[in-house]
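Any read-out appearing in this document is the output of simple, stated calculations on the displayed coordinates, not a laboratory observation. On a predicted model such as this, the values are computed, not experimentally measured, just so you know. Quick reminder, even Gly has a Cβ in these numbers, built from the backbone with ideal geometry, and neighbours come from all protein chains shown.
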Amino acid sequence: MCVQPLASGLMYLNDKKASDFVLQHMDLSEEAPDAIGCAIMLLHGVQFRYSAKVYKSGMGALQIFDDISCYPTVVRLKSSDGSAGHCITTVGLWVFDSNKAEAELLSHEFLDWCCSTDTEKDIFVAAHYAVRFINMKPRKEWNLCDACRNGKGKQKCIYKFR
């Protein structure tokens with residue numbers, strides 16, 4: 001389930017309109033063969049003006065602890081058992097997961113928890129695939145640092161230094 005954490009991340013950003021829209025279309029994205037691709041289609045365009053910065057596995061992979069952003073980033077986690085099915089959303093140093101009622105601070109321990117099940121303990125290995133949703137016209141009431149607001153995702157976020 002990739003859409004619910006994204007909606008939570010958008011709400012934390014303070015983009016209630018986009019968050020509500022994503023939640024209204026949760027069934028559509030859950031039935032799609034690519035839920036992250038469906039989220040890209042929902043947020044791209046004139047109504048919300050989000051662009052999608054894609055990080056693939058390998059050399060271009062998201063370095064989750066180094067590449068911090070105030071913009072929501074959907075991340076498909078790769079775990080020590082080789083699976084890459086669980087999605088989270090990061091916003092700054094916060095992690096939104098569909099299995100938790102509240103956001104958790106970004107940490108190895110929490111990502112290990114996300115990769116594990118009730119019966120199997122796994123370890124977070126890497127971000128297998130990620131998409132950062134960057135808005136071309138951020139609103140003043142959104143929770144963005146100056147680097148993210150003015151850099152449109154091209155400058156380093158100062159969020160991790162707060």
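Brief remarks on what is shown
- Taking other residues whose beta carbon is less than 10 angstrom from the beta carbon of CYS2, and scoring Lys, Arg as +1 and Asp, Glu as -1, yields -1.
- Cβ-to-Cβ counts within 10 Å put LYS16, LYS100 in ascending order as LYS16, LYS100, the fewest first.
- Segment ASP34-ILE123, length gained on full extension (0.36 nm per residue, minus Cα span): 29.6 nm
- Within the chain, helix-based [θ] at 222 nm, where runs of 4 or more DSSP H residues each add -39,500 (n - 2.57), nearest 500: -8000 deg cm²/dmol
- Between 0 and 90°, nearest 10: helix 3-13 axis offset from the chain longest Cα axis: 50
- Backbone phi angles across segment 71-87, fed through the Karplus curve with coefficients 6.51, -1.76 and 1.60 (θ = phi - 60°), yield HN-Hα couplings of 7, x, 10, 7, 10, 8, 7, 9, 10, 5, 7, x, 6, 9, x, 8, 10 Hz in residue order; Gly and Pro are listed as x.
- In terms of other Cβ atoms within 10 Å, HIS25, HIS44 run from fewest to most in the order HIS44, HIS25.
- Residues whose amide H lies under 5 Å from that of HIS86, counting only those 5 or more places away or on a different chain, are LEU77; hydrogens are built 1.01 Å from N in the peptide plane.
- Taking amide H positions as modeled 1.01 Å from N, with prolines and chain starts lacking one, the residues under 5 Å from CYS70 and 5 or more places away or on another chain are GLY92, CYS145.
- Neighbour counts of C-beta atoms inside 10 Å place LYS121, LYS137 in the sequence LYS137, LYS121, starting with the fewest.
- Stretched out straight at 0.36 nm per residue, the stretch from PHE21 to TRP142 would grow longer than its current Cα-Cα span by 41.9 nm.
- Charges were assigned to the Cβ only: +1 to each Lys and Arg, -1 to each Asp and Glu. The resulting dipole of the chain about its Cα centre is roughly 1140 debye.
- For ALA126, the residues whose modelled amide H falls within less than 5 Å of its own, excluding neighbours fewer than 5 places apart on the same chain, are LYS78.
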